[in-house]
Every structure is written in C-alpha cells, then in structure tokens.
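Bear in mind these aren't lab numbers, they're just calculated from the coordinates by the rules spelled out. Since the structure is predicted, the reported quantities are computational estimates derived from the model, not experimental observations. Virtual Cβ from ideal backbone geometry, glycine too; neighbours counted across all protein chains shown.
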Amino acid sequence: MKNLFKLLVALALLAFLFWEVDPHQAWQTITTATPWMVAAALLMQLLSQVTAAVRWKLIMHRLGFHHPFRFYLASYFKGALFNQVLPTSIGGDAYRIAEVHAHGAPLKEAFYAIFIDRIVGLIGLLLLNILALWWAPADLLPAVLLYGLVSITLAALTGFALLLWLHRLTPLYRWSFTRLFAELSERFYRVYRHPRDLAVQIGLSLLTHLFAMLAIFGLGHAVDINQPIGIYLALTPPAILLTILPLSFAGWGVREGALIGLFMLVGAAQAQVLAMSVLYGMILIFAALPGVFFYLKSKHRWL
C-alpha cells in the first residue's frame with residue numbers, strides 16, 4: 001500500500017508540474033534536445049556508477065571481503081536497476097545487502113558496509129556542493145537554504161569524525177542499541193584509519209558525483225539552459241538530496257519540483273528545467289539497464 005501511495009505521489013507531482021509549466025512546451029523541449037549531448041550525459045552517468053563501484057570495492061576489501069571488481073561492478077548496476085523500480089533512491093541498497101550476504105558476508109557486516117558506502121557518498125555530494133557554493137555568486141541561494149546546506153554538511157562531517165572514534169568508548173558495548181554504533185565505528189575505523197584510504201575514497205565520492213552533475217549539465221545544455229558548470233554544481237545537489245527521502249517512486253516528481261524551484265533562481269524557463277529533469281530520470285533508467293544483463297546472469301536469481 002505504501003509503495004502504491006508513493007507511485008501515486010510521483011504521478012501526481014509530475015502531472016501537476018506538466019500542467020503548471022505547459023505540457024506542450026515541455027514535451028517539445030524534450031523531443032528537440034540535442035542528441036549528442038544526451039548521449040554524452042548517458043556516458044557520464046555510466047562513469048559515475050563505475051566510479052562508485054570502485055569505491056564500494058575498496059570498502060569491502062578493507063572489511064575483509066575480497067571479491068573481484070567485476071562482482072562489485074555487477075552488483076552496483078543491479079542495485080541501480082532496483083533503485084529505478086523500488087519506491088526510493090535507496091531501494092538498491094537493500095538488494096546489495098542481500099547479494100553480498102548471499103556471497104558470504106554476514107548480514108550485519110553487509111549492512112555496515114552499505115551504510116559506510118552511503119555515508120561517504122553523502123559526504124562527497126555535500127562537499128562538492130559546498131565547494132561550488134564557495135565560488136558561486138554570494139546571492140545565488142536564499143540565506144536560509146545556504147545556511148541549511150552548510151549546517152547539514154558540518155553535521156555530516158562531525159558525524160563522520162565521531163564514527164571514527166566512538167568504538168573507543170567501551171561503555172557503548174554494554175547495551176544492544178549503543179553496541180550497534182560502536183560496532184559501526186569499528187568498521188569505519190578499519191576502512192578509514194589510514195589518511196590515504198580516506199583521501200582516495202573522498203576523492204572517488206567527489207568524482208562519482210561530479211560525473212553525475214556533468215550528466216545533468218549536458219542535459220541542461222541540450223535543452224538550452226546555458227549556465228556555467230559552477231551553477232549546476234551549486235543548484236543540483238540539494239534536489240538530489242531530496243530524492244533520498246521516501247516521498248515518491250524513485251524520486252520522480254520530487255526531483256523535478258526541486259530543480260524547477262532552484263533553477264528559477266537563475267532565470268531558467270520552467271519548461272526547460274522540467275525537460276532537463278525528466279531527461280535525467282530517463283538517463284538513470286537507461287544507465288541502469290546493464291543491471292538487467294547482470295541480474296539475468298546472477299547465480300542468486302531469487303534475490
């Protein structure tokens with residue numbers, strides 16, 4: 001029932017946006033988008049997913065699970081596929097947890113690994129956004145949104161630092177609830193105790209999101225939203241963050257509404273922004289299609 005509700009929310013949001021924006025103009029913008037830019041955007045999104053798979057492999061190897069890279073690449077694409085058919089943008093994480101568990105990782109260890117992967121990915125997105133905002137015009141975002149993003153970033157960095165340290169507090173091991181945080185902290189420390197490993201994975205996270213932002217940048221220019229890359233890096237991440245929330249099916253509708261609101265700050269036409277966002281949603285689907293191939297070849301087809 002919840003999944004049906006989220007699907008209905010996504011459809012209702014998209015219908016409302018198309019109605020408000022002028023459906024004919026939005027559809028015409030989509031169908032006349034520059035083809036080679038759309039193709040380049042698809043390539044960027046594929047590179048984003050490959051880079052994220054490299055990061056996940058490094059995390060799993062530090063935790064003692066030494067499968068070859070092709071395993072993590074295939075699993076990441078299958079996760080991306082499930083992200084597109086499940087109600088939130090973290091649906092694929094549940095699949096990846098199940099898959100690494102089926103290939104020998106204890107369920108708790110699989111959960112910790114995916115959680116670490118998600119956290120370092122979030123840190124990369126927030127840092128990329130803050131770096132872009134540092135160079136953006138001072139009045140680009142409303143003060144409340146700017147301070148909110150800075151606060152979220154500082155909170156995330158503080159939480160990351162705490163997770164590297166919490167395992168040293170032995171009282172946390174006394175109770176089952178607090179023991180979860182202590183054990184998660186142990187895994188964090190195992191993965192990131194060497195500064196080089198931390199730098200490499202933060203770099204991979206930045207690169208993962210940079211490729212995704214370049215995909216949106218290409219799609220924006222394909223529909224004549226001719227803003228510089230810095231504007232895209234400053235405005236797009238907040239919309240991507242919202243898709244993590246379980247508000248609609250695979251983030252549809254939420255992403256479009258957020259991007260329209262944000263790009264209106266630089267005077268972009270609503271129909272063009274809606275077209276860009278819908279095209280990006282379609283790119284995400286096409287970029288996940290290799291997951292179908294990997295899934296059909298999977299040993300554990302029951303997942």
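How many angstrom lie between the Cα centre of region 127-187 and the Cα centre of region 250-303?
26
Looking at 157, 142, 254, which one has the Cα that reaches farthest to the positive end of the dipole of region 2-296 (charges on Cβ: Lys, Arg +1; Asp, Glu -1)?
Going by the Cα projections, it comes out as 157.
Using θ = phi - 60° and the Karplus relation 6.51 cos²θ - 1.76 cosθ + 1.60, list the HN-Hα couplings for region 101-114 in order, rounded to whole Hz, with x at every Gly or Pro.
5, 5, 9, x, 7, x, 4, 5, 5, 5, 5, 4, 4, 5
Contact order normalised by length for the chain, with contacts defined as Cα pairs under 8 Å and 6 or more residues apart; what percent is it?
36
Tell me which aspartates and glutamates have Cα within less than 14 Å of residue 108's Cα, excluding those fewer than 8 residues away on the same chain?
93, 99, 183, 186
Compute, for the chain, the length of the dipole vector about the Cα centre, with Cβ point charges of +1 (Lys, Arg) and -1 (Asp, Glu) only. Units Debye, rounded to 20.
With Lys and Arg at +1 and Asp and Glu at -1, about 1380 debye.
Based on DSSP H runs of at least 4 residues, each adding -39500 (n - 2.57), what is the mean residue ellipticity at 222 nm of the chain after dividing by all its residues, to the nearest 500 deg cm²/dmol?
Helix-only estimate at 222 nm: -26000 deg cm²/dmol.
Scanning the chain for trypsin sites (Lys or Arg not before Pro) in DSSP loops with at most 10 other Cβ atoms within 10 Å, what's the longest stretch left with none? Spell out each step's value before the answer.
Values: sites that count: 297, 299, 301.
By the stated rule (loop sites, at most 10 other Cβ atoms within 10 Å), 1-296.
If you build a Gaussian network model of the chain, linking Cα atoms that sit under 10 Å apart, which residue out of 233, 133, 198 swings the most?
198
Can you compute the charge dipole magnitude of region 87-154 about its Cα centre, using +1 on each Lys and Arg Cβ and -1 on each Asp and Glu Cβ, nothing else charged? Give it in debye, rounded to the nearest 20.
Numbers: 3 positive and 5 negative charges, 15 e Å.
In debye, rounded to 20, region 87-154 gives about 80.
Full-extension gain between residue 296 and residue 179, please, as 0.36 nm times their residue separation minus the C-alpha to C-alpha distance.
Gain on extension, residue 296 to residue 179, equals 38.3 nm.
Calculate the FRET efficiency for residue 193 and residue 25 from the Cβ-Cβ distance with a Förster distance of 45 Å, rounded to the nearest 0.05.
Details: r = 54 Å, r/R0 = 1.21.
With R0 = 45 Å, the Cβ-Cβ based efficiency is 0.25.
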